[in-house]
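The structure appears below as structure tokens.
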Amino acid sequence: MKRYDAVVVGGGPAGSTTAWRLADAGASVLLVDKARFPRDKPCGGGLTIRAVRQCPVDPSPIVEEEVDLVELRFRYGDSVLRHARTPVIRMTQRRRLDAFLLDAAREKGVEVREGTTIDAADVPADVVVGADGANGTTARALGLGAGIVHGVAYEGNVGYGAVDRARYDRRAVVELADIPGGYGWVFAKGDHVNIGVGAWQSEGPRIREHLARVCEAHGLDPSQLENLRGHRLPLRRPGTRIANERGLLVGDAAGLIDPVSGDGMYECFLSSRYAAEAILAGDLASYEGAVETALAPLHRASWKLKRALDRWPRTSWRVARTELLWRSVERLLLGDLSAPGEQHGVARIPLRALELLSRT
Ligand SMILES: Cc1cc2nc3c(=O)[nH]c(=O)nc-3n(C[C@H](O)[C@H](O)[C@H](O)COP(=O)(O)OP(=O)(O)OC[C@H]3O[C@@H](n4cnc5c(N)ncnc54)[C@H](O)[C@@H]3O)c2cc1C
């Protein structure tokens, strides 16, 4: 049987870009995915510019909408509309993005086997990359990922016609403070909007009610939503092992979702970069530290913001709606700041206020 430098299990954004980077450097790579592409994945499909900047492949051909209007709302009432200087999110659909990235990996020379699973304990390669997402089994097979906790998210689509296109043009609407441990969203796409909610895992039994409230706040009957799907949001706690001498985990398999935004694609592309670097250097042990250094400041700040919003929703909202806070949010979405702690000057004030709230 042919041996490879690496076998990647899972062909979502984390797996396909890890494979792409390895093949780009001349490594022999086998990627297996149990699904056949194009396949869908429950997701808002929002690629922040900070994610795009980390993606080794330009996603422009499958982008459906550029977002430069961010509408923040508090309990479906008070709201503020922020105009970004330049688009901060590029909207796509995962069915399209994932097939596009997998094709790019294939074109780089990765051997791709769709509709296939593989036993991680019996892989014909020096290294196994677990990229099999929130419900994957590679982490356990490698004895990794034991400290991952979960949130939950639920979403669906509704076509323009049922909703007014002009209302959502170039826009991401974020509904704050009504859903414990999360928020609701309405994202503009090419011919529809995507509506969803994320929450603590304990909100699972009420997740449909939360989504129904967001729909109603946007003048929709929840029964109008199509392609309704739920999925887990894996959240890594500090110290969780994501690499050993046999292999490593990337993306959702490593629990790298941002605790407050629920975004994970930036983390997919970042972890794929560090994974490829560690594999090519023959130094898997360096991977965990590289991911920790790159993401811990951002995710620590996100946990604090999540606590502040949960415990002090009204006061946090007063801070969140300020122009000063938007300055930091915009720079974070653009990837000009890798974590809020890098913000300087007067714009630090609202960040500091939220941090104090999270500790109170
Ligand atoms: C409702 C919702 C909305 C979200 N919205 C956003 C958003 O707008 N922006 C954003 O950045 N992030 C968002 N996220 C997070 C984002 O979807 C994830 O972080 C991202 O999908 C992780 O990609 P991945 O490649 O790690 O895993 P996945 O995309 O889950 O891919 C894993 C792959 O592994 C395959 N697989 C699983 N098991 C096996 C096996 N045993 N053998 C072979 N293959 C296997 C699967 O078929 C799949 O193709 C959202 C998440 C949810 C749940």
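What follows is calculated from the coordinates using simple rules that are stated; it is not laboratory data. Predicted model, so just to flag it, every value in this text is computed and none were measured. So basically every Cβ, Gly included, is an ideal-geometry build from the backbone, and we count neighbours across all protein chains shown.
A few comments on the model shown:
- Helix-only arithmetic for the chain: the sum of -39500 (n - 2.57) across DSSP H runs with n ≥ 4, divided by the residue total, places the mean residue ellipticity at 222 nm at -11000 deg cm²/dmol.
- The mean of 1/r over all pairs of different alpha-carbon atoms in the stretch 272-312, once inverted, gives a Kirkwood hydrodynamic radius of 11.6 Å.
- Electrostatic dipole magnitude of the chain [Cβ: Lys, Arg +1; Asp, Glu -1; Cα centre; debye, to 20]: 940 debye
- For the stretch 263-277, the Karplus equation 6.51 cos²θ - 1.76 cosθ + 1.60, evaluated at θ = phi - 60°, returns couplings of 6, x, 6, 4, 5, 4, 6, 5, 5, 5, 5, 5, 5, 4, 4 Hz by residue, with Gly and Pro reported as x.
- The Cα center of the stretch 283-360 and the Cα center of the stretch 94-120 differ in position by 34 Å.
- Prolate/oblate/rounded call for the stretch 105-189, Cα gyration tensor, a/c under 1.5 rounded: oblate
- Of all the options Pro222, Pro61, Pro313, the one that moves most in a Gaussian network model of the chain with Cα springs shorter than 10 angstrom is Pro61.
- Scaled against the 2.2 N^0.38 Å expected of a compact globular protein of N residues, the Cα radius of gyration of the stretch 96-239 reads 1.30.
- Its residue count N fixes a reference of 2.2 N^0.38 Å for the chain, and the Cα radius of gyration divided by that reference is 0.97.
- Between Val110, Val57, Val29, the GNM of the chain built on Cα springs shorter than 10 angstrom shows Val57 fluctuating the most.
- For the stretch 74-171, trypsin sites (Lys or Arg not before Pro) are listed when DSSP marks them as loop and at most 10 other Cβ atoms sit within 10 Å of their Cβ; the list is Arg85.
- Separation of the stretch 241-268 from the stretch 122-201 is 14 Å, based on Cα centroids.
- The Rg/Rh ratio for the stretch 298-360, using Cα coordinates for both the radius of gyration and the Kirkwood hydrodynamic radius, is 0.93.
- Cross-link partners of Lys306 among aspartates and glutamates, defined as those whose alpha carbon lies under 12 angstrom from its own and excluding same-chain residues fewer than eight positions apart: Asp258, Glu355.
- Of all aspartates and glutamates in the structure, the ones whose alpha carbon falls short of 19 Å from that of Lys108, not counting any fewer than 8 places away in one chain, are Asp5, Asp24, Asp33, Asp58, Asp98, Glu277.
- Seen from every direction in turn and averaged, the convex hull around the alpha carbons of the stretch 1-159 projects onto 11.7 nm².
- The charge dipole of the stretch 150-231, taken about its Cα centre with unit charges on the Cβ of Lys, Arg, Asp and Glu (plus for the first two, minus for the last two), comes to roughly 180 debye.
- Dipole of the chain, positive direction: furthest Cα of Gly219, Gly77, Gly230, with charges on the beta-carbon: Gly77
- Translational D in µm²/s for the stretch 220-326 (Stokes-Einstein at 37 °C, 0.692 mPa s, Kirkwood Rh from C-alpha pairs): 206 µm²/s
- Potential extension, Glu114-Arg53 segment - 0.36 nm per residue separation minus Cα distance: 19.2 nm
- Normalised radius of gyration (Cα atoms, divided by 2.2 N^0.38 Å) for the stretch 150-231: 1.02.
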